[in-house]
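The values are calculated or read from the model by the stated rules, or taken from the named source; none is laboratory data. Every value quoted in this text rests on a predicted model; they were computed, and no experiment measured them. Neighbour counts are summed over all protein chains in view; Cβ atoms, including those assigned to glycine, are modelled from backbone coordinates with ideal geometry.
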Amino acid sequence: MQVDLFDERLNAILAAPTYEMFASRLGAYDCRRCALCAGRSRIVVDRGNPAAAILIVSERPGVHEDQQGQAFVGRSGELLDKILASIGIDANRDTLITNIVKCKGEEDRAPSSQEATACLPFLDRQIALVRPRVVLLLGSVALQWMDPGRRNFTMEEEAGRLFTLQRYPGVQFMVLYHPAFLLRDPRRKRDMWEHVQRLKAHLDAPAGTEHRAVPGELTP
């Protein structure tokens, strides 16, 4: 856990013993750890159910998320909800959705290294408190920040595969195409359908019988 000797409120957020306390404290925090604070109306912590087995991670809040204070509520969020519903998953009941960074910036762009690094301790604490069975990473930006050692990859190679990361023991990860990409290129919706079917098969497998990737292993 990252500790700042000069920021007691930050330390209280990262030391929160329950997810409810974490979310409440982070939502009320006047964070100035990076330049994104200049473009936000509020910190967007999440959307969904902290007790869910699935944690979904995207890259950043947009205008709609900033206005409503909930993650993934624009057109991309609507599409994600429909995709999950097609395999029997209710986004608000069966998942918790969050982002690499929690604030909308003044520009529409991917988070910078400094911005992502400043915000990742919050995501690490979310994973520790939620203890998800599966983490879904939406798009290449989410994958790059969750697994910084992975370079020179393509989404065609990575999407739909289970893998693990050593610093998150017991958690299976899967990368999916970002719904915003599907809105721009609907031809990839068939691929997305195949990927979520793999997710469903993994979730439906009896405990102890599902394939569990070892660290660094990618499984089709």
Next item on the list: Find all pairs meeting these conditions: Cβ atoms under 9 angstrom apart; at least six residues apart or on different chains; first residue within region 131-155 and free of Cβ contacts under 8 Å to residues at least 12 places away in the same chain; second residue among the acidic types (Asp, Glu) and not in a strand (DSSP E or B).
Entry: ARG150/GLU158
Note to self: Being surrounded by fewer than 20 Cβ atoms within 10 Å (Cβ to Cβ), in a loop (DSSP other than H, G, I, E, B), at pLDDT 95 or above and not hydrophobic (A, V, I, L, M, F, W, C): is that true of PRO50 here?
What the structure shows: yes
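The rows are residues; the columns are (1) out of contact with any Lys or Arg (no Cβ under 8 Å at 6 or more places or on another chain); (2) crowded, with 19+ Cβ neighbours inside 10 Å.
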position	(1), (2)
GLU157	yes, no
PHE163	yes, yes
PRO169	yes, no
GLN172	no, yes
HIS178	yes, yes
LEU183	no, no
LYS200	yes, no
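Please enumerate the residues belonging to region 3-36 that are surrounded by 12 or more Cβ atoms within 10 Å (Cβ to Cβ), touching a residue at least 60 places away in the same chain (Cβ under 8 Å) and either farther than 22 Å from LYS104 by Cβ or not small (Gly, Ala, Ser) (or both).
We begin by selecting, within region 3-36, every residue surrounded by 12 or more Cβ atoms within 10 Å (Cβ to Cβ); these are 4, 7, 9-16, 19, 21-27, 29, 31, 33-36.
Filter once more, so that each one left must be touching a residue at least 60 places away in the same chain (Cβ under 8 Å): 13-14, 16, 19, 22, 26, 31, 33-36.
Selection gives ILE13, LEU14, ALA16, TYR19, PHE22, LEU26, CYS31, ARG33, CYS34, LEU36.
Within region 146-178, can you find the residues that are among the aromatic types (Phe, Trp, Tyr) and touching a Ser or Thr at 6+ places or on another chain (Cβ under 9 Å)?
Step one: list which residues in region 146-178 are among the aromatic types (Phe, Trp, Tyr), which gives 153, 163, 168, 173, 177.
Residues satisfying the conditions are PHE153, PHE163, PHE173.
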Margin query: With acidic (Asp, Glu) and within 28 Å of ALA91 (Cα to Cα) as the only criterion, which of ASP46, ASP7 stands out?
Written below: ASP46
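Among the residues of region 115-143, which ones are of a type outside the set (A, V, I, L, M, F, W, C) and within 16 Å of ARG47 (Cβ to Cβ)? Spell out the reasoning first.
First, pick out the residues of region 115-143 that are of a type outside the set (A, V, I, L, M, F, W, C): 115, 117, 121, 124-126, 131-133, 139-140.
Scanning region 115-143 gives GLN126, PRO132.
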